[in-house]
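Colleague: Have a look at this one.
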Amino acid sequence: MVPLYTCCPFPSSKALQISPSFLLLSSRNPKFLPFTISRILRAISISTSAAKHEEPIRTSYAGVQLEETVDETKQGKLRLDSWISSRIQGISRARVQSSIKSGLVKVNGRVVDKVSHSLRAGDKVNCVISDLQPLKAEPEDIPLDIVFEDDHVLVVNKPSHMVVHPAPGNANGTLVNGILHHCSLPTVASSEKEVLFDTEDMSDDEQDIFHGASAGPASVRPGIVHRLDKGTSGLLVVAKDEHSHAHLSEQFKQHTIQRVYISLTCGVPSASAGRVDIPIGRDSNNRIRMVAVPGLSHHGRARHAASRYKVIEVLAGGGSALVQWRLETGRTHQIRAHAKYMGIPLLGDEVYGGTKNMALSLLRPRTPPYYNDELSRLVSRLERPYLHALVLGFEHPHSGEKMRFSCPPPPDFGEILNHLRKIGIEKPISKE
């Protein structure tokens with residue numbers, strides 16, 4: 001394969017108009033990237049029969065059996081899926097739910113296929129955990145913005161609204177589908193999984209999704225080292241071979257990959273720069289959302305999470321801000337959860353409180369009356385969390401060369417930013 005390098009195209013100046021300082025890259029010092037990345041794409045790795053014996057041994061939950069009576073001391077309603085999850089250490093609730101729906105769970109001798117079935121004290125539960133069901137990723141001719149490519153790695157600028165990998169409900173149109181076509185790879189069977197996960201928190205059977213025991217030895221597996229949320233745009237790296245996969249995975253594990261994000265927020269942080277060191281865990285009231293709560297790391301599956309931020313511009317009289325982020329860890333929805341904790345949810349982030357109503361409540365009092373109609377139209381177009389992976393740097397897995405890439409936000413981000421600048425723009429006041 002001939003190495004290919006293409007510069008990431010900049011949007012039109014009219015759409016974006018972002019200053020060079022905003023990109024944090026100086027022409028006199030183009031390698032100024034003092035940031036640490038946490039995780040990006042797990043690899044598209046080629047599994048061969050010769051390499052099969054080198055696969056690490058993993059513990060699978062397939063076939064695990066549970067025969068137990070619900071504790072008499074338990075009071076109130078107990079969901080079947082939640083109770084089974086609590087009795088099998090490390091298993092995901094999605095995996096349990098799949099087993100229940102497959103008819104592999106009995107309560108008092110009768111098959112129950114309703115995941116929310118209520119248990120009572122004294123109920124006898126028999127459960128067999130099902131095999132992971134395959135999800136097929138078909139090659140699709142999807143336009144990809146390739147920033148860099150050689151025989152070992154691929155750096156892609158992912159557009160917003162594109163899902164990274166196939167999952168239940170998103171089997172087509174994903175980045176993986178496009179990569180399979182771009183690299184002329186065959187159809188891939190990967191395993192069903194929980195849609196929301198943190199790579200560091202993946203159990204062994206969830207890792208099997210990406211290294212897959214189910215497909216033949218000659219199949220190619222699009223495994224994820226790091227992903228961006230569907231609504232997040234920006235840079236991802238893909239490994240093309242086993243060595244590159246292992247090397248990049250270790251860099252993510254050691255947090256030595258450089259990663260910089262930018263966002264638009266609802267409101268402005270109380271301090272113009274700082275560090276948020278608040279554990280993140282899954283929200284018990286909403287399984288698609290994470291929550292940052294002080295001291296949460298002592299309970300459940302919450303994990304240490306740390307983010308550094310810096311306000312680049314105060315926008316619209318304080319109704320919004322352009323904020324730069326760098327991650328010391330790489331938890332699911334880390335920036336979004338930490339921003340919500342700080343009281344500045346990302347603009348357009350309906351899941352974490354950055355709703356259109358909140359945006360209007362902050363922006364309208366700070367907007368001249370003659371601009372109110374345009375403001376309403378602007379807010380009505382908020383369709384995603386305005387978060388962009390701006391900078392990516394890593395050590396090439398074969399040459400050892402330090403590689404760094406940057407790509408400015410897409411036009412929709414630039415359009416919103418420019419409208420907010422029209423309302424008002426200030427540089428933050430540094431508090432020494």
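Colleague: What per residue convex hull volume, in Å³, comes out for the range 257-431 when only alpha-carbon positions are used?
Modeller: So the per-residue Cα hull volume is 136 Å³.
Colleague: Kindly sort THR332, THR69 by accessible area of their heavy atoms, largest first, with the probe set to 1.4 Å.
Modeller: Result, largest first: THR69, THR332.
Colleague: What is the calculated FRET efficiency for GLN254 to ASN285, with r their C-beta to C-beta distance and R₀ = 30 Å, to the nearest 0.05?
Modeller: Rounded to the nearest 0.05, the efficiency is 0.30.
Colleague: By average Cβ neighbour count within 10 Å, what is the ranking of 250-259, 397-406, 303-312 from highest down?
Modeller: In descending order of packing, they fall as 303-312, 250-259, 397-406.
Colleague: Another question about this same structure. Calculate the FRET efficiency for ARG308 and ARG381 from the Cβ-Cβ distance with a Förster distance of 30 Å, rounded to the nearest 0.05.
Modeller: With R0 = 30 Å, the Cβ-Cβ based efficiency is 0.50.
Colleague: Return the whole-Å distance between the Cα centroid of the range 89-167 and the Cα centroid of the range 240-267.
Modeller: If we compute the Cα centre of each part, the gap is 24 Å.
Colleague: Give me the net charge for the shell around CYS407: Cβ to Cβ below 14 angstrom, other residues only, Lys and Arg +1, Asp and Glu -1.
Modeller: Spelling it out: positives minus negatives among the neighbours equals +2.
Colleague: Provide the per residue accessible area, probe 1.4 Å, for the range 64-129, rounded to a whole number of square angstrom.
Modeller: Using a 1.4 Å probe on heavy atoms only, each residue of the range 64-129 averages 58 Å².
Colleague: Run the accessible area of the range 257-431 with a 1.4 Å probe and give the carbon-and-sulfur part as a rounded percent.
Modeller: Whole-percent figure for carbon plus sulfur exposure: 50.
Colleague: Hey, rough spin-label estimate for ASN357 and ALA246, points 7 angstrom out along Cα→Cβ, what's it come to in nanometres?
Modeller: 5.4
Colleague: Pulled fully out, how much extra length does the chain show between GLN65 and ASN418, if you take 0.36 nm times their separation in residues and subtract their Cα-Cα distance?
Modeller: Additional length available on full extension: 121.3 nm.
Colleague: Extending each Cα 7 Å along its Cβ direction at ALA171 and ARG404, get the distance between those two points in nm, one decimal.
Modeller: 4.4
Colleague: Just to check I understand the Karplus step: with θ = phi - 60° and J = 6.51 cos²θ - 1.76 cosθ + 1.60, what whole-Hz values come out for the range 306-319, glycine and proline as x?
Modeller: With the stated coefficients, the range 306-319 comes to 9, 10, 10, 9, 8, 6, 8, 9, 8, 10, 6, x, x, x Hz.
Colleague: How charged is the neighbourhood of LEU346? Take every other residue with its Cβ under 12 Å from the Cβ of LEU346, and add Lys/Arg as +1 and Asp/Glu as -1.
Modeller: 0
Colleague: According to a simple spin-label model (label point 7 Å from Cα along Cα-to-Cβ), what is the distance in nm between HIS117 and LYS136?
Modeller: If labels sit at LYS136 and HIS117, their model points lie 3.2 nm apart.
Colleague: Moving to a separate point now. Would you tally the net charge around VAL314, using a Cβ to Cβ cut-off of less than 9 Å, leaving VAL314 out, and scoring K and R as +1, D and E as -1?
Modeller: Its environment carries a net charge of -1.
Colleague: For the pair SER270 and ARG79, what calculated FRET efficiency results from E = 1/(1 + (r/R0)^6), where r is the Cβ-Cβ distance and R0 = 45 Å, to the nearest 0.05?
Modeller: After rounding, the FRET efficiency stands at 0.70.
Colleague: Please go through the residue pairs LYS253/LYS402; LYS356/LYS427; LYS77/LYS340; LYS310/LYS340; LYS158/LYS340; LYS106/LYS136 and name each one whose alpha carbons sit more than 21 Å apart in this structure.
Modeller: Over 21 Å apart, Cα to Cα: LYS356/LYS427; LYS77/LYS340; LYS158/LYS340; LYS106/LYS136.
The values are calculated or read from the model by the stated rules, or taken from the named source; none is laboratory data. Predicted, not measured: the structure shown is a model, and the values here were computed from it. We place every Cβ from the backbone using ideal geometry, glycine too, and count neighbours over all the protein chains shown. Calculation scope for accessible area: heavy atoms of the full protein, side chains included, ligands and nucleic acids excluded. Shrake-Rupley method; radii C 1.70, N 1.55, O 1.52, S 1.80 Å.
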